[in-house]
Amino acid sequence: MARRSTKTPPPEDFEEKILDIDVVDEMQGSFLEYAYSVIYSRALPDARDGMKPVHRRIVYQMNEMGLRPDRGYVKCARVVGEVMGKLHPHGDQSIYDALVRMAQPFSMRLPLVDGHGNFGSLGNDDPPAAMRYTECKMADATSLMTESIDEDTVDFAANYDGQEREPVTLPAAYPNLLVNGTSGIAVGMATNMPPHNLGEVIAAARHLIRYPEADLEALMRFVPGPDLPTGGRIVGLSGIKDAYENGRGTFRIRATVAVEDVTARRKGLVVTELPFTVGPEKVIAKIKDLVGSKKLQGIADVKDLTDRAHGLRLVIEIKNGFHPEAVLEQLYKLTPMEESFGINNVALVDGQPLTLGLKELLEVYLDHRFEVVRRRSEFRRGKRRDRLHLVEGLLVALLDIDEVIRIIRDSDNSAQAKERLMEHFSLSEVQTQYILDTPLRRLTRFDRIELESERDRLTAEIEELTRILDSDAELRKLVSSELAAVAKKFGTPRRTVLLESAGTAVAAVPLEVADDPCRVLLSSTGLLARTANAEPVVVDEGAARARHDLVVSQVAATARADVGVVTSYGRLLRLSVIDLPQLPDTHAAPSLAGGAPVSEFLSGLEADEAVICLTSLDESSQGLALGTEQGVVKRVVPDYPANKDELEVITLKEGDRIVGAVELRTGEEDLVFITDDAQLLRYPAGQVRPQGRPAGGMAGIKLAGNAKVIHFSAVDPARDALVFTVAGAQGTLDGAPASGKLTPFDQYPRKGRATGGVRCQRFLKGEELLVLAWAGNAPARAATANGTPAALPAPDPRRDGSGTALPAEVAVLAGAAL
């Protein structure tokens, strides 16, 4: 079955006409029409209100919908639908995207939309929620953009289908284009303008009102540069001056960064402000990419700690051994933490795209504002004149109300009454109609007083408006005062710091910390740190004390070297010096309060394993001297393979442990054992033969019964030294009474190795053993278990005398280094 044709045949008198058009001319004309449409209707803002058509339509439609700041929120989808259906003949997504940007405080210096919900994040790392979920209303400052729009202040034009009217521009009570900036790409041109500080822009505008011939230098005293919503630092101001002069220029934006101690052992770069339009995710991704490709060194970790309470906080941990300032310079160079912003001040002036400088932008806005205020004043004066005309007619009628009533009653109809009243009282038609429409209840004596008062007020207002319209100076003064009121209400402090240059060049600082001499310190509370030089820490007996100032072990090293840590289990653990925090350079004995706990660096320690001392790993030294709880002594041959991080320096018997260790400097030192039954043995280190690391040592002191060694050390016999002992019962250091004795070291004679030694303190009644003992180079310092300084008794010359009452807080002692 054949299908019937549905094509309508042409009429019989139809005459086909074909026009030959040059394709070049057609393409040229079509392209120009399209280009002008994009420039004028989509991509470029108007220099008067600083808005593109889509932004203007959103603000105007929200005003028409009554979404004022004091009202409730409505769904963004409703606003988008109203704008799209009535004014904007484009897709809903483009409208919503524009609305979202107007609600983002990190995109707009003075947001125009008060958003409720997820409107995205800095750098668009987190996209906004769909319009069906978010809500909005006009922001406080947005009402200034549409203020007095119903008073014939701006021209209106037909919308895309001719059924609605929309404003060609908004009244704009503040310079929105400069305050919020803009960006857009048209056909053959683009615009990119940074935000500025409202108070600064208005101050410059007011100065230009007062001094129309002011030059750029005078205006830049008020507007020194952009003020970005995200803060940051603008480096180099020459490009800004170029842009303010001719409309084009470039400047660099740097993140705001501070060097802080982010952990107990590491410094870090804390970023609190990023360049405009740059988000933390973009920075993190770039840093990880550079670290992975080995193009960026010195970064240990990157953490985004941003939250609503504290705002942006990006923490970049720096590896020990690298200068944070040098790493920061690399970050500025290789990541979005420093970005360039190209200013291109292109805006529409009378429908034409022009490139404008700062003064031209202010002049265009001020001319617009003068016109708005002039038209508003004319509108208000006209309204008041019309009202005054009615009030004067009603007052005429009230003066002879009885005659008015008689004329109305004697008239056949309202038309005759109107004509007779106009003739009798010389009234206009409008006045007469108003009298006829006024109810009798308003024709009282009180109403007459009110009308006379209203007449006087209207007369004064008309005179004031006339004075403004007749005087250009008064008009300019009014505009200036209105701008001042806006700045006072909505002005905020500057967020962006302006810098002439980047400051001192950090490139001169090496990326890695130099391998300079230093000294590694261990405090009595287990804190580790390093100093800025290799000089021994000097103990000044009369110096002021501070917590954690008791240095129980110290060793010379270099910043990029390793040192050894000897533990009570007989292990030597390798420790990287560069990982340790550096103490401030000071001539006094430092407090290690700025140090870090040993556990931060040696995570493999057992629960009851203690750090005994520090030692260098120099194989040319005299090696270590060790003393154990069971009386074993050992001198260790300095053999420390560089490829091992953990070594055994002694083979301990079951149940034994190291109680003391010290690195010998000359080999001429005296080794000292002190036992809990108050025996002290002293003999030259030369009596102990050095052994290899696996050896178990040799007999160091002969122990009686169940006695055990509680202290082992080495003392330089050529220097003043002291012995401190504390006698008491079991648990004395936990609060029981105790007696202590401080004795010169030379009171104790030398004995042979593996002998019993001599008595160092006589026990009083109730005392059972020594609970604390120490021997070392003078002067001696004491501290409590938590590192608080403690006092010592006066020296007692009696070698085996009894002690004196002692505060129970004393828990540890230390003296000068070997």
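The values are calculated or read from the model by the stated rules, or taken from the named source; none is laboratory data. For clarity, every value in this text was computed on a predicted model and none was experimentally measured. Ideal geometry is used to build each Cβ from the backbone, glycine not excepted, and the neighbour counts take in all protein chains shown.
For this structure, a couple of remarks:
- Here residue 106 meets each of (1) closer than 18 Å to residue 47 by Cα; (2) out of contact with any strand residue (DSSP E or B) (no Cβ under 7 Å at 6 or more places or on another chain); (3) assigned to a loop (DSSP other than H, G, I, E, B) with one exception, condition (1).
- Residue pairs whose Cβ atoms lie under 7 Å apart, separated by 6 or more positions or on different chains, with the first residue in the stretch 675-696 and under 26 Å from residue 743 (Cα atoms) and the second surrounded by fewer than 21 Cβ atoms within 10 Å (Cβ to Cβ) and among the hydroxyl-bearing types (Ser, Thr, Tyr), are 681/755.
- Identity of the residue in the stretch 302-359, of a type in the set (Gly, Ala, Ser) and within 30 Å of residue 205 (Cβ to Cβ), that ends up farthest from the chain's Cα centre (by Cα): 351
Each row is one residue, and each column tells you yes or no for (1) free of Cβ contacts under 8 Å to residues at least 12 places away in the same chain; (2) of a type in the set (Ser, Thr, Tyr); (3) more than 28 Å from residue 601 (Cα to Cα).
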residue	(1), (2), (3)
267	no, no, no
290	no, no, no
307	yes, no, yes
311	no, no, yes
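- Sole exception among (1) at pLDDT 85 or above; (2) among the aliphatic types (A, V, I, L, M); (3) in contact with a Phe, Trp or Tyr (Cβ under 8 Å, 6 or more places away or on another chain) for residue 513, by number: (1)
- Scan of the stretch 144-168 for residues that are acidic (Asp, Glu), surrounded by 14 or more Cβ atoms within 10 Å (Cβ to Cβ) and under 16 Å from residue 82 (Cβ atoms), ordered by number: 164, 166
- Failed condition for residue 281, given (1) in contact (Cβ under 8 Å) with a residue 40 or more places away in the chain; (2) surrounded by fewer than 18 Cβ atoms within 10 Å (Cβ to Cβ); (3) not in a helix (DSSP H, G or I): (3)
- Hits in the stretch 183-223 - residues which are more than 23 Å from residue 479 (Cα to Cα), surrounded by fewer than 23 Cβ atoms within 10 Å (Cβ to Cβ) and in contact (Cβ under 8 Å) with a residue 40 or more places away in the chain: 184, 185, 186, 187, 188, 189, 190, 192
- Of all residues in the stretch 11-65, those satisfying the criterion of being modelled with pLDDT of 75 or more, over 35 Å from the mean Cα position of the chain (by Cα), in a loop (DSSP other than H, G, I, E, B) and not aliphatic (A, V, I, L, M) are 17, 20, 22.
- Of the residues making up the stretch 596-622, those that are within 40 Å of the chain's Cα centre (by Cα), surrounded by fewer than 15 Cβ atoms within 10 Å (Cβ to Cβ) and closer than 28 Å to residue 637 by Cα are 599, 603, 604.
- Test: residue in the stretch 80-97 that is touching a residue at least 40 places away in the same chain (Cβ under 8 Å), under 25 Å from residue 489 (Cβ atoms) and not in a loop (DSSP other than H, G, I, E, B): no
- Among the residues of the stretch 489-510, those that are at pLDDT 90 or above and surrounded by fewer than 14 Cβ atoms within 10 Å (Cβ to Cβ) comprise 489, 492, 493.
- Filter result (out of contact with any Gly (no Cβ under 8 Å at 6 or more places or on another chain) and either at positive phi or surrounded by fewer than 20 Cβ atoms within 10 Å (Cβ to Cβ) (or both)) within the stretch 126-143: 130, 132, 140, 143
- Looking at 665, 719, just one residue is under 54 Å from the mean Cα position of the chain (by Cα) and either buried (at least 22 other Cβ atoms within 10 Å of the Cβ) or within 30 Å of residue 621 (Cβ to Cβ) (or both), and that residue is 665.
- Selection within the stretch 401-456 - polar (S, T, N, Q) and within 23 Å of residue 384 (Cβ to Cβ): 426, 428, 431, 432, 433, 438, 453
- Residue 759 surrounded by fewer than 16 Cβ atoms within 10 Å (Cβ to Cβ), in contact (Cβ under 8 Å) with a residue 40 or more places away in the chain and within 23 Å of residue 685 (Cα to Cα): yes
- Checking each residue in the stretch 592-619 for being polar (S, T, N, Q) and assigned to a loop (DSSP other than H, G, I, E, B) picks out only 603.
- Condition check for residue 366: part of a helix (DSSP H, G or I) and in contact with a Lys or Arg (Cβ under 8 Å, 6 or more places away or on another chain): no
- Failed item, numbered, when residue 209 is tested on (1) under 30 Å from residue 72 (Cα atoms); (2) in a helix (DSSP H, G or I): (1)
- Residue match in the stretch 588-595 (condition: touching a helix residue (DSSP H, G or I) at 6+ places or on another chain (Cβ under 9 Å) and loosely packed, with under 15 Cβ neighbours inside 10 Å): no
- The lone exception for residue 65 - which of (1) farther than 30 Å from residue 494 by Cα; (2) in contact with a Ser or Thr (Cβ under 8 Å, 6 or more places away or on another chain) it fails: (2)
- Among the conditions (1) buried (at least 17 other Cβ atoms within 10 Å of the Cβ); (2) modelled with pLDDT under 85; (3) within 26 Å of residue 593 (Cβ to Cβ), the only one that residue 792 does not satisfy is (2).
- Of the residues making up the stretch 329-385, just one is surrounded by fewer than 18 Cβ atoms within 10 Å (Cβ to Cβ), in contact with a helix residue (DSSP H, G or I) (Cβ under 8 Å, 6 or more places away or on another chain) and among the hydroxyl-bearing types (Ser, Thr, Tyr), namely 355.
- Some residue of the stretch 236-250 being within 20 Å of residue 109 (Cα to Cα) and basic (Lys, Arg): no
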